[in-house]
Amino acid sequence: MPQPNDLSRSLVALDQDSTLITVVEMSQSSWLVGGMLPGIERQPRKKLEPSPERLLALLHRWRDEAVKAGRNITRIALAFEAGRDGFWLARWLEARGVEAHVIHPSSVAVSREHRRAKTDRLDTALLKRAFLGWLRGERGHCSMARIPTIAEEDAKRPNRERECLVRERTRIVNRIKGTLARLGIRDFRPTLRKSAERLATLHTPEGSLLPPNVSAELHRDLARLGFVVSQIKEIEKARQKQLEQHPETGPHAMVRLLARVVGVGIETADMLVRGAVAATG
């Protein structure tokens, strides 16, 4: 029995004579739109500037062409690969009567037998074949990503920002340790509260104080490290406050339960819950 949240194939029967099928190959400078129009032999392609209004106007124009060819278009299905543009376009189109889908890029099968030419035109043709197979309900063509709401996307931002800040903290600490290691100093801990004060008393194995340029650089690094650490604490404090204000609502209850039963930290519990919500809806 098909699962209601199965995104590996469409669960809606496809009537190709009444469905306008389109795909969009998106880049920062342009969008290449490819379509399959019922009643029309040619499969048109159109390059547009990145504009949702122009895309919607093109879809309506292609729909009108199919209607003139004697087809009754009741469904406009569009797909594009997940990328830097995220899900906003899918939500925008859905609000205007277009059935929009976001394809997992890694789920589209490509030939591995030889080096494959890669152009927007060829990528569009590949997406059309994969999307058509998905619409027919066949497995193995591609898999769709669930389209989150703005609120669901926003709920993930603290976790993602914290991950970036933790990586930045590690990078700064490693750079400080690497700078000191080149002078023969290996016992300095940048994360200690009084590390900046201790920096002024450090001596190299040769008995000299830190060179002035190195000392100035390390003080700047420690200042950056302190700022990053303060931002991490700010995010953690805000999350803890939200959990305390709404302990039994929505994902907050799941986070608290997971952290209590499994024994994982709040950050890990929150990341797992947000991921599960995004996957299942």
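The values are calculated or read from the model by the stated rules, or taken from the named source; none is laboratory data. Model, not experiment: these values are computed from the prediction. Cβ placement follows ideal geometry from the backbone for every residue including glycine, while neighbour counts extend to all protein chains displayed. Remember, those area values only see protein heavy atoms, side chains included, never the ligands or the DNA or RNA. Shrake-Rupley method; radii C 1.70, N 1.55, O 1.52, S 1.80 Å.
Entry comment: accessible area of the range 174-248 is 69 Å² per residue, from protein heavy atoms only and a probe of 1.4 Å. Ligands, DNA and RNA are left out, and with a 1.4 angstrom probe the accessible area of the range 43-99 is 55 Å² per residue. For trypsin sites (Lys or Arg not before Pro), the sites in the range 154-194 that DSSP calls loop and that have at most 14 other Cβ atoms within 10 Å are 182, 186, 193, 194. Computed on protein heavy atoms with a 1.4 Å probe, the accessible areas place 134, 88 in the order 88, 134, largest first.
Using heavy atoms of the protein chains and a probe of 1.4 Å, the accessible area assigned to residue 64 is about 70 Å².
Applying the criteria of a DSSP loop state and at most 12 other Cβ atoms within 10 Å to the GluC sites (Glu not before Pro) of the range 27-99 yields 41.
The phi-based Karplus calculation (6.51 cos²θ - 1.76 cosθ + 1.60; θ = phi - 60°) puts the 3J(HN,Hα) values of the range 184-201 at x, 9, 10, 10, 8, 10, x, 7, 5, 5, 9, 5, 5, 5, 5, 4, 5, 9 Hz, whole numbers, x for Gly and Pro. In this structure, the amide hydrogen of residue 101, modeled 1.01 Å from its nitrogen in the peptide plane, lies closer than 5 angstrom to those of 78, 79, 80, counting only residues at least 5 positions away or on a different chain. Close amide-amide hydrogen proximity is noted between residue 75 and 20, each under 5 Å apart and 5 or more residues distant or on a separate chain (H modeled in the peptide plane; Pro and chain starts excluded). Counting only DSSP beta bridges whose two residues both lie in the range 26-109, roughly 50 percent are antiparallel. For the range 173-228, the share of accessible area belonging to carbon and sulfur comes to 54 percent (1.4 Å probe, ligands and nucleic acids excluded).
Its Cα centre serving as origin, the range 83-234 has a Cβ charge dipole (Lys and Arg +1, Asp and Glu -1) of approximately 340 debye. Cross-link partners of residue 46 among lysines, defined as those whose alpha carbon lies under 17 angstrom from its own and excluding same-chain residues fewer than eight positions apart: 128. Calculated FRET efficiency, residue 182 to residue 233, Cβ-Cβ distance, R0 = 25 Å: about 0.20 to the nearest 0.05. With 0.36 nm allotted per residue and the present C-alpha distance subtracted, the residue 191-residue 245 stretch has 16.3 nm of extension available.
Residue 203 sits with roughly 100 Å² accessible to a 1.4 Å probe, with DNA, RNA and ligands left out of the calculation.
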